[in-house]
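In what follows, a single structure is set out as structure tokens and then discussed.
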Protein chains: 2
Amino acid sequence: MNKIFLIPNMLGKGDINFVIPKGVQEEIKALRYFFVENIRTTRRYLKKIDPEFPIDDCHFFEINTHTTQQDIDFYFSNLSTKVVGIISESGVPAVADPGAHIVAIAHKKGWQVIPLVGPSSILLALMASGMNGQNFSFVGYLPKDKILREKKIKHLENISRKLNQTQIFIETPYRNRLLYESLVHTCAPDTRLCIAKEISTPEENILTLPIFKWQKQKPDIHKKNVIFLLDAFYKYM
Amino acid sequence: MNKIFLIPNMLGKGDINFVIPKGVQEEIKALRYFFVENIRTTRRYLKKIDPEFPIDDCHFFEINTHTTQQDIDFYFSNLSTKVVGIISESGVPAVADPGAHIVAIAHKKGWQVIPLVGPSSILLALMASGMNGQNFSFVGYLPKDKILREKKIKHLENISRKLNQTQIFIETPYRNRLLYESLVHTCAPDTRLCIAKEISTPEENILTLPIFKWQKQKPDIHKKNVIFLLDAFYKYM
């Protein structure tokens with residue numbers, strides 16, 4: 001049966017053996033055909049798994065925002081193998097990252113889809129937040145416009161309070177401080193905010209505090225990889 | 001600084017080296033104090049990581065639905081170590097599993113919270129579903145009552161269609177067939193349903209099809225560990 005492996009990548013610097021299981025590294029070593037976000041960095045990652053990785057024997061198909069369904073169909077139909085991997089730039093493919101569209105096509109074609117274990121910053125942040133992990137939502141990026149962003153934050157806070165649902169979101173690293181300002185300005189004092197920074201790297205720092213404490217304790221998040229989590233159900237005492 | 005490690009467990013039978021990174025296994029080997037869901041099965045897991053694991057030197061604190069905040073506070077204040085682990089029965093702690101409450105207390109006490117990489121059936125199912133991973137919700141169990149369950153399914157389908165948000169939910173294994181019946185009975189024919197079974201085990205099977213195909217193809221899910229994912233935004237053609 002044709003197979004597509006969903007291959008995890010590291011989230012940043014650090015020891016690969018803390019984030020990619022040995023067996024997963026072996027699975028990757030056996031592959032030669034890859035859907036990738038960036039060929040250059042993927043080559044570097046494969047060399048990290050095995051300095052002897054036969055890069056020259058590998059076939060890479062770059063996917064990006066310009067990739068069409070026709071491109072992917074063409075690639076699938078011209079494969080000379082029945083085993084393909086898909087790798088994103090960081091973390092797991094198809095979650096907060098491209099790849100889902102390719103997986104959808106693979107299902108349509110009747111391929112076996114095999115997800116491999118690795119780091120997901122969203123999942124690790126949720127585990128470490130101390131917030132409700134039995135009911136949660138990941139909503140991606142919030143609006144860039146200040147007024148719309150603060151309206152959205154109010155909306156997420158209301159949903160969280162009403163449904164006891166953890167709200168998870170992200171921001172581009174150079175805009176993290178603006179998001180932090182909107183959060184401490186908009187949320188209720190006892191709403192809990194978790195700021196999870198540079199997860200699974202030596203710079204990792206994960207902290208959950210109520211808004212009234214975050215107002216006094218400005219986090220060092222400028223140009224860092226950060227996940228934000230909000231919980232307005234649990235009352236901080 | 002005091003530390004609490006969030007320790008992943010396997011999702012079922014299979015090779016531990018495909019789901020738990022080597023470095024994570026080493027971190028676990030260094031711990032002697034654990035919050036656990038079940039002492040007996042945790043002992044077995046530790047022995048799997050290292051047949052020589054000094055179980056008799058370990059301290060286990062069992063957490064379950066009867067554990068109170070006072071119990072946890074008492075345990076924290078009587079610890080003779082400053083490094084503790086928390087392990088759930090399967091997958092990662094604090095996500096669709098107990099543990100979040102302990103992590104919340106650890107944050108309050110100013111402990112460093114460190115999530116370790118391992119398998120999460122929710123995350124692996126989402127990766128492999130081919131559905132939107134940039135906006136998704138995990139909502140836990142649906143109602144047991146048939147009418148309420150089908151009402152909830154309709155509600156989730158509407159949210160998914162409106163927000164382009166993947167809806168993820170679970171059921172107790174012996175009730176999977178009832179949930180399947182409700183899904184194929186309630187959802188629109190072109191709504192996509194992913195049934196992800198026994199993830200990361202030798203029995204793994206993950207399949208995304210539109211409802212009209214699931215109506216003809218009954219899945220073998222009775223008494224299996226299954227995650228269900230719904231997408232009503234993408235039109236199946």
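Bear in mind that the values in this text are calculations on the coordinates, not laboratory data. Remember, predicted model here, so these are calculated numbers, not experimental data. Cβ: placed from backbone, ideal geometry, glycine included. Neighbour counts: every protein chain shown.
What the table shows:
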read-out: Electrostatic dipole magnitude of the range A:121-231 [Cβ: Lys, Arg +1; Asp, Glu -1; Cα centre; debye, to 20]; value: 360
read-out: Distance in nm between pseudo-label sites at A:L163 and B:D71 (7 Å out along the Cβ direction from Cα); value: 3.0
read-out: Out-of-range pairs (alpha-carbon distance over 19 Å; input A:K109/B:K213; A:K151/B:K152; A:K3/B:K197; A:K13/B:K47; A:K197/A:K218); value: A:K151/B:K152; A:K13/B:K47
read-out: Rounded to the nearest 20 debye, dipole of the protein assembly as shown from Cβ charges on Lys, Arg, Asp, Glu; value: 1180
read-out: Helix A:146-163 axis, angle to chain A major axis (alpha carbon atoms, nearest 10°); value: 90
read-out: Long-range tail of P(r) for chain A (Cα pairs > 25 Å, %); value: 48
read-out: Neighbour-limited loop hits for trypsin sites (Lys or Arg not before Pro), the range B:125-233 (at most 10 other Cβ within 10 Å; DSSP other than H, G, I, E, B); value: B:K216
read-out: Computed E for A:K235/B:K223 - FRET, C-beta separation, R0 41 angstrom, nearest 0.05; value: 0.55
read-out: Bridge type composition, the range B:1-112 - antiparallel percent by DSSP, nearest 5; value: 0
read-out: Residues whose placed amide H lies under 5 Å from that of B:I206, excluding near-sequence neighbours; value: A:V113, B:K197
read-out: Of B:Q25, B:Q167, B:Q134, the one that fluctuates the most in a GNM where chain B has Cα springs shorter than 10 Å; value: B:Q134
read-out: Karplus-derived HN-Hα couplings along the range A:117-130 (A = 6.51, B = -1.76, C = 1.60, θ = phi - 60°), whole Hz, x at Gly and Pro; value: 6, x, x, 10, 4, 5, 5, 5, 5, 4, 3, 8, 6, x
read-out: For the protein assembly as shown, fraction of C-alpha pairs farther apart than 29 Å, in %; value: 48
read-out: Gained length - A:E181 relative to A:I49, 0.36 nm times residue gap less alpha-carbon distance; value: 43.5 nm
read-out: Sequence-separation-based contact order of the range A:3-115, relative, with Cα cut under 8 Å and 6+ spacing, percent; value: 45
read-out: For the range B:106-111, 3J(HN,Hα) per residue [Karplus equation, 6.51 cos²θ - 1.76 cosθ + 1.60, θ = phi - 60°, Hz, x = Gly/Pro]; value: 4, 4, 4, 7, x, 6
read-out: Dipole magnitude of chain B about its Cα centre (Cβ charges: Lys, Arg +1; Asp, Glu -1), debye to nearest 20; value: 740
read-out: Inter-copy spacing of A:Q70 label points, which lie 7 Å from Cα along Cα→Cβ, given in nm from shortest upward; value: 7.1
read-out: Histogram of C-alpha separations across the range A:3-115, 5 Å bin width, %; value: 2, 11, 25, 26, 20, 10, 4, 1
read-out: 12 Å beta-carbon shell around A:P21, net charge (K/R +1, D/E -1); value: -1
read-out: Cut-off 14 Å between beta-carbons: net charge of the residues surrounding B:I168, Lys and Arg +1, Asp and Glu -1; value: -1
read-out: Point-to-point label distance, A:H59-B:K29, nm (Cα→Cβ direction, 7 Å offset); value: 4.1
read-out: Inter-copy separations for A:E181, label at 7 Å along Cα-Cβ, nm, ascending; value: 5.8
read-out: 3J(HN,Hα) from dihedral phi, the range B:55-67, Karplus parametrisation 6.51/-1.76/1.60, rounded to Hz, x for glycine, proline; value: 3, 5, 8, 8, 10, 10, 10, 7, 10, 8, 5, 8, 5
read-out: Square roots of five times the Cα gyration tensor eigenvalues for the range A:121-231, Å; value: 18, 17, 13
read-out: Position A:T81, label points 7 Å along Cα→Cβ, spacing to each other copy in nm (shortest first, one decimal); value: 4.3
read-out: Amide hydrogen neighbours beyond the local backbone of B:G140, cut-off 5 Å, H modeled; value: B:I170
read-out: Cα centroid of the range B:150-175 to Cα centroid of the range A:174-233, whole Å; value: 30
read-out: Euclidean distance between Cα centres, the range A:73-146 to the range A:1-42, Å; value: 13
read-out: Positive-pole candidate from A:I39, A:I199, A:L142, dipole of chain A, charges at beta carbon; value: A:L142
